[in-house]
1. Name, by its number, the condition in (1) surrounded by fewer than 20 Cβ atoms within 10 Å (Cβ to Cβ); (2) more than 14 Å from chain A (Cβ to nearest Cβ) that does not hold for B:PHE53.
2. Which of the helices (runs of 4 or more DSSP H) contained wholly in the stretch A:236-321 include at least 3 residues that are under 30 Å from A:GLY166 (Cα atoms)?
3. How about the stretch B:37-50: which of its residues are free of Cβ contacts under 8 Å to residues at least 60 places away in the same chain and more than 14 Å from every other protein chain (Cβ to nearest Cβ)?
4. Take the residues in the stretch A:320-346 that are out of contact with any helix residue (DSSP H, G or I) (no Cβ under 8 Å at 6 or more places or on another chain) and small (Gly, Ala, Ser); name whichever of them is farthest from A:VAL78 (Cα to Cα).
5. Quick one: would you say A:MET189 is crowded, with 20+ Cβ neighbours inside 10 Å and in a loop (DSSP other than H, G, I, E, B)?
6. Being closer than 18 Å to B:LEU163 by Cβ, within 14 Å of another protein chain (Cβ to nearest Cβ) and in a helix (DSSP H, G or I) narrows it down to one residue among B:MET32, B:MET23, B:MET19, B:MET75; which is it?
7. Is it fair to say B:ALA25 is over 21 Å from the mean Cα position of the chain (by Cα), farther than 27 Å from A:ALA173 by Cα and not basic (Lys, Arg)?
8. Scan the stretch A:253-273 and tell me whether some residue there is within 14 Å of another protein chain (Cβ to nearest Cβ) and in contact with a Pro (Cβ under 7 Å, 6 or more places away or on another chain).
Amino acid sequence: MTVMEQRGAYRPTPPPAWQPRTDPAPLLPDALPYRVLGTEAAAKADPELLRRLYAQLVRGRRYNAQATALTKQGRLAVYPSSTGQEACQVAAAFVLEERDWLFPSYRDTLAAVARGVDPVEALTLLRGDWHTGYDPYEHRVAPLSTPLATQLPHAVGLAHAARLKGDDVVALAMVGDGGTSEGDFHEAMNFAAVWQAPVVFLVQNNGFAISVPLAKQTAAPSLAHKAVGYGMPGRLVDGNDAAAVHEVLGEAVRHARAGGGPTLVEAVTYRIDAHTNADDATRYRGDAEVESWQAHDPIALLERELTQRGLLEEDGIRSAREDAEAMAADLRARMNQDPALDPMDLFTHVYAQPTTQLLEQQAQLRAELDAEAAGPEGAGR
Amino acid sequence: MTTVALKPATMAQALTRAMRDAMAADPSVHVMGEDVGTLGGVFRVTDGLAKEFGDDRCTDTPLAEAGILGTAVGMAMYGLRPVVEMQFDAFAYPAFEQLVSHVSRMRNRTRGAMPLPLTIRVPYGGGIGGVEHHSDSSEAYYMATPGLHVVTPATVADAYGLLRAAIASDDPVVFLEPKRLYWSKDSWNPDEPETVAPIGRAVVRRTGRSATLITYGPSVPVCLEAAEAARAEGWDLEVVDLRSLVPFDDETVTASVRRTGRAVVVHESTGFGGPGGEIAARVTERCFHYLDAPVLRVAGFDIPYPPPMLERHHLPGVDRILDAVGRLQWEADS
């Protein structure tokens, strides 16, 4: 006879009734992505904001095209395009105050540019003359992160530190659908929620992690639903609707700034181009799918809304395009100049003070370069 | 020179004192990790810090090492000076990507604009009867990552001084704490802690003429014991405590080996691909014409760390060190 069978001899005290620590209902995302353009909600949107968004989307589209062209001319080593995702890129930059921080991934150079980073400096990593071309503190844009999701805990830590110091700074961190499978995504979400850090996670669900579609990435009802497990609200938004993305991200930023903690926003969008210029998207998706998303283009959606409401005329469209062309011409001209390279820089910033060993190696490289410059005769061999 | 009343203190107490003093001196210093708050850490090294400085300065984090180090990176970006505790050597591995891909590179990536003044404390090494995953010597991984400093104290005074130096450093420092020395005692006055040589300086712990034992961390006391035992064999051994594996103090090591003409590198870490190979190569490159014998290594075997009932066979001990010293071609001298 076991202990459990000795009735009367074993009377465990029942534990206190278990209750959820957080009511999950308010955290749940909507069933369908939130939309503004083409709905009644559009009437409440600020026309001036919509016009500004439109100009930046047009500019962003041109920037993507120009950067892709630069890869074909050998001026960029690689370019991961955000064509089709301009609404997310621009809105992410627009919702932040100057004192806030943006944590972009490698596909988010446009967001950095929309926040004020010089396009040439934003593209330094992809040109390959250094790993980061801008001072992160100038525009409060963290270096573009290549290892997926690893920038998310940085955003949480920075936001947490700002709150500890009493600064009302918000961090907005960008990640893709593939990145949500990484362990760092999970750890960042959990830390953010436990610490109630003022951080907003923007997941651009563009359908693919290089070639792998979302269906092979997750079995979650939506990526926004993942928020509930951490005890933070999840929001689902149409990532091609610039007004909707701006509204949802803006609410999340205000919520964070007011001490309400983090929010996970899933913006449903589509990567119109291949993963990078080096990728062949025809191996894993058909033209029909791409065309269906092109019919839901973020610029066309906004342009239609603005023109139908009489907020944008032909000259407004022309002016936006001319501005974009000017930006592209300037970018092209400056990217067509060879960057200044100093191989000695390789040793300068590894540590605050180069070690003895690095100074020796720097001297070795200097001697090799001097011998190379002097030529066979000058080398005295 | 004033005489101060010295009293015995443990290495763990000296480490606690170093963090306490650093936190008192600089409000940007934040301690974070698993169980570091209320409990004071599983080795009690953060004992009392949460009570004195509050939970915001000494924080119990969720149990996730990549998250701990990743958020510490963000905190350092915003001007804080985090001191992160990894609970055990082998539990630091989840944080490896943050360490390799961001911590070690951020300064270089940003041309110096975004340095990361971070200290990552890692209790390491065996000899405490720990079950699997509690006794690794992981220093070779860190040494192979440019951008990190890697230091390890062997004495109570160095534990204090090196940790203060690590926290004050504007570079990320992997601070390896030899956990079997946590309870080692030294006569050390905690109220007048010694200042220490900057990170990157080795120290000669025992002078000798016959041969140099090059070692660090938990193997330093073993080498000192071996040096005493070697006197019976007629060998007068010098013991160099590296203290910093990165930056490496070639100057002190080279000077010692050129003086003695023989060298043995001693560490717990595996021999193949371990720090001893790098050290032996550096010594050979710099001291070839001074050497009377090849540089030998006494290291842990090339095996996963043994279960506790077998670990004594793995750890370099006095006899194995003396055997190596005996193979330093003494017949050439006679």
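The values are calculated or read from the model by the stated rules, or taken from the named source; none is laboratory data. Here the structure is a predicted model, which is why all the values come from computation and not from measurement. Here Cβ is always computed from backbone atoms with ideal geometry, including for glycine, and neighbour counts include all displayed protein chains.
1. Here B:PHE53 meets the rest and fails (2).
2. Values: elements: A:242-257, A:287-294, A:298-308.
By residue number, A:242-257.
3. Applying the first criterion (free of Cβ contacts under 8 Å to residues at least 60 places away in the same chain) to the stretch B:37-50 yields B:37-42, B:44, B:46-50.
Within the stretch B:37-50, B:THR38, B:LEU39, B:GLY40, B:GLY41, B:VAL42, B:ARG44, B:THR46, B:ASP47, B:GLY48, B:LEU49, B:ALA50 meet the criteria.
4. A:ALA326
5. Working: crowded, with 20+ Cβ neighbours inside 10 Å: yes; in a loop (DSSP other than H, G, I, E, B): no.
No.
6. Details: B:MET32 fails: in a helix (DSSP H, G or I); B:MET19 fails: within 14 Å of another protein chain (Cβ to nearest Cβ); B:MET75 fails: closer than 18 Å to B:LEU163 by Cβ.
Going through B:MET32, B:MET23, B:MET19, B:MET75 in turn, just one is closer than 18 Å to B:LEU163 by Cβ, within 14 Å of another protein chain (Cβ to nearest Cβ) and in a helix (DSSP H, G or I): B:MET23.
7. Values: over 21 Å from the mean Cα position of the chain (by Cα): yes; farther than 27 Å from A:ALA173 by Cα: yes; not basic (Lys, Arg): yes.
Judged against the criteria, B:ALA25 is a match.
8. Residues of the stretch A:253-273 that are within 14 Å of another protein chain (Cβ to nearest Cβ), as a first pass: A:262.
Subset that is in contact with a Pro (Cβ under 7 Å, 6 or more places away or on another chain): none.
No; the residues of the stretch A:253-273 include none that is within 14 Å of another protein chain (Cβ to nearest Cβ) and in contact with a Pro (Cβ under 7 Å, 6 or more places away or on another chain).
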